[in-house]
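Visitor: After the structure tokens below, expect a handful of questions from me.
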Amino acid sequence: MKFVDIAEIFVKAGRGGNGALSFRREKFVPKGGPDGADGGKGGDIIIEAVGGIVTLADFEYDKRFQAGHAGHGSGAMRTGANGKDLKIFVPCGTLIRDAENDNKILADLVEPGQNFVAAHGGRGGKGNAHFANSQRRAPKFAEKGDEGEQRNLILELKLIADVGLAGFPNAGKSSILSAISGAKPKVAGYPFTTLSPNLGVLSVDDAKVVIADLPGLIEGAHEGKGLGLQFLRHIERTRIILHVIDLSQDNPVENFNALINEFKEYGADLASRPCIVIGNKIDIEGTENNSEILKNEAERLGLRYMKVSALTGENIPELIKNVAELVRISSVIKSETDDEIIELPERKAPRKKSKEPVEIIRQSDGSFRIEHENFEKAVSRINFEHEDALQKFSRLLKTLHVEEALEAAGAEEGDKVYIGDVEFDFEPEIVT
């Protein structure tokens with residue numbers, strides 16, 4: 001399967017059902033009361049992390065997701081059915097970002113089963129029975145359901161692994177992965193053999209250690225050169241790092257320092273992560289001197305050093321023992337969000353006090369637009385096909401003194417006025 005670690009998707013929750021306008025019509029009850037029920041709630045979009053998936057490849061072509069719409073309310077107090085939620089499954093280690101808000105992190109799904117609601121379903125409209133009271137016994141209007149939330153999201157995968165194998169191309173990382181775990185990565189003697197991560201599992205006693213062999217670095221990786229940013233993103237979550245250095249190459253210390261410098265420039269605490277420096281390919285004649293030089297540099301920095309041959313298996317058992325020991329004492333990398341279990345609360349528009357004035361905007365074509373979050377939401381729920389809808393609309397206009405605000409902004413009789421998607425002609429009341 002193709003490895004994909006970045007994807008952009010569009011999600012839209014379900015629309016809420018309309019409330020019903022209905023009155024009891026039964027034999028011997030000629031003037032029954034209102035019995036129109038509420039509409040159902042629209043379905044949510046839920047993103048959930050699951051084990052067994054290691055790529056975002058499914059989202060290369062499937063990019064739009066729509067949850068179920070709710071049913072409308074009906075008479076006899078029959079509430080509309082709720083819309084069906086839609087679950088989207090992603091690999092553990094997936095960051096969810098808001099593509100329309102500076103790529104802000106919304107959630108970080110690390111453990112299987114962690115989920116969050118990416119888009120909430122629309123609220124169901126209230127049926128006319130909801131509006132009945134002692135002064136208004138037979139309301140002849142009901143609300144429309146709200147639209148569901150919608151979002152453009154960026155999914156960013158950062159692999160979850162205990163150990164990350166780091167090194168420049170052809171250093172032998174894939175061979176070491178194969179030697180210390182059950183993985184069977186493709187191995188060849190040319191640069192950039194590993195173009196996508198390979199995962200292996202090392203079993204030690206009762207513990208299982210997940211090891212990731214990640215795409216090779218080049219200098220300038222922290223600036224996005226080569227596969228750098230792809231590589232560094234995935235190594236962020238590893239508990240320990242194995243720096244693999246090819247001892248058959250000239251200047252192993254220079255290669256090691258260049259590797260550490262890329263980590264320092266990238267940040268994310270990679271340079272100070274627990275690590276083992278591994279000098280590989282000691283089976284090649286003439287590598288003894290390079291191994292000693294690299295060992296001295298590692299010890300100068302207070303780092304553990306081991307020399308191995310992934311080809312012959314020399315010192316591989318000792319490496320396995322050291323890796324298991326270091327993982328055991330190293331802390332788990334935490335989620336990038338504050339909450340241990342991630343569940344985003346339903347997003348609600350900030351409530352404005354009813355007395356807060358509306359904002360009137362004069363548009364370039366001479367029309368006027370009214371802006372006030374609560375007012376706009378209330379108007380969007382009015383079903384203007386109902387008999388008393390205009391009365392309700394008129395009451396809303398008076399409550400917020402909209403007519404006075406329009407006149408103060410220069411509106412005259414016959415001017416077009418917009419509130420959300422609703423359009424009407426301004427007809428001020430004439431006071432005599």
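Visitor: Please report, for the Cα atoms of segment 83-175, the Rg to one decimal and the Dmax as a whole number; what are they, in angstrom?
Guide: Calculated on Cα positions, Rg and Dmax stand at 23.6, 83 Å.
Visitor: Among 147-153, 252-258, how do they line up from the highest to the lowest mean number of other beta-carbon atoms within 10 Å?
Guide: Descending mean neighbour count gives 147-153, 252-258.
Visitor: Mind listing the long-range amide H neighbours of LEU106? Cut-off is under 5 Å, sequence gap 5 or more, other chains count too, H placed in the peptide plane at 1.01 Å from N.
Guide: Amide H to amide H, under 5 Å and 5 or more residues apart or across chains, LEU106 pairs with ILE96, ARG97, ASP98.
Visitor: Sorted by mean Cβ packing within 10 Å, highest first, what order do the peptides 407-415, 16-24, 368-376, 100-108 take?
Guide: Those peptides, ordered most packed to least, come out 16-24, 368-376, 100-108, 407-415.
Visitor: Oh, and also: Ordered by residue, what ³J(HN,Hα) values in Hz, to whole numbers, does segment 125-134 give under the Karplus form 6.51 cos²θ - 1.76 cosθ + 1.60, where θ = phi - 60° and Gly and Pro are x?
Guide: My calculation for segment 125-134 gives x, 7, x, 5, 4, 5, 9, 6, 8, 5 Hz in order.
Visitor: Next question, about the same structure. Which far-off residues, 5 or more places away or on another chain, put their amide H under 5 Å from the one on PHE23, with H placed in the peptide plane?
Guide: HN-HN under 5 Å from PHE23: ASP35.
Visitor: Convert 20 °C to kelvin, take the viscosity as 1.002 mPa s, use the Kirkwood radius over C-alpha pairs of segment 359-407 as Rh, and evaluate the Stokes-Einstein diffusion coefficient in µm²/s, rounded to a whole number.
Guide: Rounded, D is 182 µm²/s.
Visitor: What does the accessible area per residue of segment 256-301 come to in Å², with a 1.4 Å probe and no ligands, DNA or RNA counted?
Guide: Averaged over the residues of segment 256-301, the accessible area is 49 Å².
Visitor: Determine, from the Cβ-Cβ distance of LYS377 and ALA138 and an R0 of 25 Å, the FRET efficiency 1/(1 + (r/R0)^6), rounded to the nearest 0.05.
Guide: 0.45
Visitor: Any idea what Rg and Dmax come out to for segment 81-131 if you just take the C-alpha atoms, in Å?
Guide: 15.9, 48
Visitor: Taking 7 Å along the Cα-to-C-beta vector as the label spot, tell me the GLU292-ALA409 distance in nanometres, rounded to one decimal.
Guide: Taking the simple label geometry, GLU292 and ALA409 are separated by 8.4 nm.
Visitor: Within the accessible area of segment 74-173, what % is carbon and sulfur when the probe is 1.4 Å and the other protein chains stay in place?
Guide: 45
Visitor: Cross-link list LYS104/LYS173; LYS104/LYS416; LYS104/LYS126; LYS12/LYS104: which exceed 29 angstrom alpha carbon to alpha carbon?
Guide: Check vs 29 Å cut-off fails for LYS104/LYS173; LYS104/LYS416; LYS104/LYS126.
Visitor: Under the rule of at least 5 residues apart or a separate chain, name every residue whose amide H is placed under 5 Å from the amide H of ARG78.
Guide: ALA37
Visitor: Let me ask you something else. So how exposed is THR79, as accessible area in Å² (1.4 Å probe, rounded to 10)?
Guide: 100
The values are calculated or read from the model by the stated rules, or taken from the named source; none is laboratory data. If you're wondering where the values come from, they're calculated on a predicted model, not measured in any experiment. When we count neighbours, we look across all protein chains shown, and the Cβ atoms used for this are built from the backbone with ideal geometry, even at glycine. These accessible areas exclude ligands, DNA and RNA; they are computed on the full protein's heavy atoms, side chains included. Shrake-Rupley method; radii C 1.70, N 1.55, O 1.52, S 1.80 Å.
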